[in-house]
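The values are calculated or read from the model by the stated rules, or taken from the named source; none is laboratory data. Keep in mind it's a predicted model, so treat the numbers as computed, not measured. Virtual Cβ from ideal backbone geometry, glycine too; neighbours counted across all protein chains shown. Surface areas here come from the heavy atoms of the whole protein model, side chains and all, with no ligands, DNA or RNA. Shrake-Rupley method; radii C 1.70, N 1.55, O 1.52, S 1.80 Å.
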Amino acid sequence: MNFTKTTEQSSHYEHLEKMSVEELLSNINNEDKTVPLAVTKALPQIVILVQQIVAKMNLGGRLFYIGAGTSGRLGIVDASECPPTFGVPFDLVNGIIAGGDKAIRRAVENAEDNTTQAWIDLQENNITEKDVVIGIAASGTTPYVIGGLEKCNENNIITGCITCNEGSPLALTAKFPIVVVVGPEFVTGSSRMKAGTAQKLVLNMISTATMIQLGKVKGNKMVDMQLSNDKLVDRGVKMIMEEIPVTYEAASNLLMEHGSVRKAVSNYKK
């Protein structure tokens, strides 16, 4: 199938090695400024996919990200931040990378070219029709990701994707594609740059909007966050003080007793 990989097209900038540090950073920054505008154009697609995820999670479903290389790592980052931020179980949002966990730090040769491994990886997580699987690939051609979504489609599992090339095989495979066209990279083909930034922005939007829809935020506060360090405990205490008329010490005691801001506030008796 013929389509144009805009992420692989030649950079708009020539002779990068002759630029000063200031010129390099200024030009990279100018390119980065275009990414949120590209995401804006994809908002209708993101809305539809988030609605599908929320509906499935309300039925007990989970969310899976699958990807290779930078895309896989971005999915893992987003998934790993959901439990501490929103107090949800560790298996509610899951990141799976081609080549397994060792590929988080180092590239695993040919892992992204395996068309059958993603489905095997998903089956190890007992994937069902209640779940949603989002394939992440800037190019839109990664065999690991496409193969995984194809098997999900065959098994009536909702599929989405985040890619940066219009008309790519991945975008055509996913039932609910998100396509953010960021154009050529500053360094030709280095899709960890603008494409990676676009993917991170979309992942932030998907997980955050989903969790808010599921009631994991009150007002604008992370009332279910895990109290995993002193900074977060202090933030939790101050959140309680904003909600109910108590001293710092009393709020701290309530937080320690109930384990979350939400429970501390709801169980407070004047």
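If we scan segment 109-120, do we find a residue that is crowded, with 21+ Cβ neighbours inside 10 Å, among the acidic types (Asp, Glu) and over 17 Å from the mean Cα position of the chain (by Cα)?
yes
Scanning segment 83-108 for residues that are part of a helix (DSSP H, G or I), within 16 Å of the chain's Cα centre (by Cα) and of a type outside the set (A, V, I, L, M), which turns out surrounded by the fewest Cβ atoms within 10 Å (Cβ to Cβ)?
Applying the filter and picking the extreme gives PRO84.
Suppose we filter SER10, SER20, SER80 for residues that are surrounded by fewer than 21 Cβ atoms within 10 Å (Cβ to Cβ), hydroxyl-bearing (Ser, Thr, Tyr) and under 15 Å from the mean Cα position of the chain (by Cα); which single one remains?
Only one candidate passes the filter, namely SER80.
If you scan segment 136-163, which residues turn out to be more than 20 Å from SER190 (Cα to Cα), surrounded by fewer than 24 Cβ atoms within 10 Å (Cβ to Cβ) and of a type in the set (Gly, Ala, Ser)?
Scanning segment 136-163 gives a single hit, GLY147.
So how many residues does segment 164-217 have that are among the polar types (S, T, N, Q), under 17 Å from VAL47 (Cα atoms), touching a residue at least 40 places away in the same chain (Cβ under 8 Å) and surrounded by fewer than 20 Cβ atoms within 10 Å (Cβ to Cβ)?
Residues meeting the conditions: 2.
Considering only residues that are part of a loop (DSSP other than H, G, I, E, B) and either open to solvent by 50 Å² or more (accessible area, probe 1.4 Å) or more than 30 Å from PHE90 (Cα to Cα) (or both), which ones fall in segment 23-61?
LYS33, THR34, ASN58, LEU59, GLY60
Any residue in segment 48-60 that is free of Cβ contacts under 8 Å to residues at least 12 places away in the same chain and out of contact with any strand residue (DSSP E or B) (no Cβ under 8 Å at 6 or more places or on another chain)?
yes
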